[in-house]
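The values are calculated or read from the model by the stated rules, or taken from the named source; none is laboratory data. Remember, predicted model here, so these are calculated numbers, not experimental data. Positions of Cβ are generated from backbone atoms using ideal geometry, with glycine treated the same way; all protein chains shown enter the neighbour counts. The accessibility values were calculated without ligands, DNA or RNA, using every heavy atom of the protein model including side chains. Shrake-Rupley method; radii C 1.70, N 1.55, O 1.52, S 1.80 Å.
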Amino acid sequence: MSSIKIYAPATVANVVCGFDIIGFALQDPNDEMYMRLSDKPGVTIRNLDDYNLPTEPEKNVAGAALLAMLEQLPPGTGFEVEIRKNIKPGSGIGSSAASAAGAVVGANALLDNKFSREDLVRFAMFGEKVASGVKHADNIAPCIYGGFTLIRSIFPLDIIPLQAPPLHVTVVHPQIEVRTSDARSILKQKVLLKDAIRQWGNIAGLVAGLTKGDYALIGRSLEDVIIEPVRSILIPGFDEVKQKCAEAGALGGGISGSGPSVFMLSESQSTAKQVEKVMAEVYTRIGIDFHTYVTTVNNGGARVELV
Ligand code: ADP
């Protein structure tokens, strides 16, 4: 039986003003997964890394996503999955989404692409529910579709892939833990009308800037007056990083997912590298270990190759 390898990319969700609705895929890092159909019904998972993630299918996001798919398949169907996580769980760059999305993209390839991309997002959201308690698609959708995606609605699912000009991305992952539950519980449940108006102006500006390839408009629209002022207190050095990255020429950026990673978009690679330098300076001085990535937007999404 054929065996395939899947590269499932990291993703940035909650793109500044686009909280819960806009995400994009990164060229690096990628989880690596190997999959094949199995005579043993159900899902068998093996880890190829040291993160000690659960291998019971209902507790591993890849397994939960595949179990949702199996409900639509003939009884007796089985998948074997091996996962090597290069995206650290809890980093805020879509570690859980990469495993869930990678698993269903791989399974679909083994099944001669029986399902649509939208079906795959629906299955993979069962994985996100295991990771964070709620179904959301702003990491899953870009991981499967590639590029920037707008999730206009979850129920019913309405995904709009967005055109975007070439963009360079710098990510810093300070090695601290921000619990998704904390990041969620500190959010206010009400917003002021004046803030809402400013936010939806920015979201519309961001979408228009991306589709028109207008870098200045993208930069002006990368402003979040609702979530970031509250959440950024969980990330040491956030305000300084943001200010210094702007001085270094970044278009803008903010908290990736629910943190602790912070991302910045730039028009050129040289600016993206300069941004990495200032991020590193801030965290070195504060004395927090960190990891950085300088990469681009991945327009293809999770990728499958025969092995
Ligand atoms: P991220 O924002 O980086 O995706 P999350 O907090 O959303 O991080 O997800 C990580 C959580 O999901 C962890 O609690 C982890 O134990 C759990 N999990 C279960 N299976 C996996 C998997 N295959 N990959 C990543 N995380 C997983």
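Summarising the strand pairing of the chain, around 90 percent of its internal DSSP beta bridges are antiparallel. Dividing the helix sum by the residues of the chain, where each DSSP H run of 4 or more adds -39500 (n - 2.57), gives a mean residue ellipticity at 222 nm of -11000 deg cm²/dmol.
Helix 238-247 and the longest principal axis of the C-alpha atoms of the chain enclose an angle of approximately 70°. Using θ = phi - 60° in the Karplus curve 6.51 cos²θ - 1.76 cosθ + 1.60, the 3J(HN,Hα) couplings for the range 61-72 round to 4, 5, x, 4, 5, 5, 4, 5, 5, 4, 4, 9 Hz; x is entered for Gly and Pro. For the chain, with all protein chains in place and a probe radius of 1.4 Å, 51% of the accessible heavy-atom surface sits on carbon or sulfur.
Efficiency by 1/(1 + (r/R0)^6): what FRET value for Ser268 and Ile233, r their Cβ-Cβ distance, R0 = 41 Å, to the nearest 0.05? Given R0 = 41 Å and the Cβ-Cβ separation, E is 0.85. Under the criterion of Cα pairs below 8 Å and six or more residues apart, the relative contact order for the range 205-261 equals 31 percent.
For the options Ser132, Ser268, Ser185, a Gaussian network treatment of the chain with springs between C-alpha atoms closer than 10 Å singles out Ser185 as fluctuating the most.
Hey, with R₀ at 22 Å, roughly what FRET efficiency would Glu281 and Ile176 work out to, going by the Cβ-Cβ distance, to 0.05? Efficiency for this residue pair is about 0.80. Largest mean-square fluctuation among Pro260, Pro229, Pro174, in a Gaussian network model of the chain whose springs join Cα atoms under 10 Å apart, belongs to Pro229. Quick one: angle between helix 95-110 and the longest Cα principal axis of the chain, in degrees between 0 and 90, rounded to 10, please. Computed tilt is about 40 degrees. Computed from Cα atoms, the angle from the helix 269-286 axis to the main principal axis of the chain rounds to 80 degrees.
Dipole of the range 89-205 computed with +1 at Lys/Arg Cβ and -1 at Asp/Glu Cβ about the Cα centre; of Thr180, Gln163, Ile140, farthest Cα towards the positive end is Thr180.
Note on the chain: GNM, Cα springs under 10 Å; of His173, His291, His136, the largest mean-square fluctuation is that of His291.
The residues of the range 159-244 expose, per residue, 55 Å² of accessible area to a 1.4 Å probe. Put simply, when 298-306, 115-123, 282-290 are sorted by average Cβ atoms within 10 angstrom per residue, most first, you get 115-123, 298-306, 282-290.
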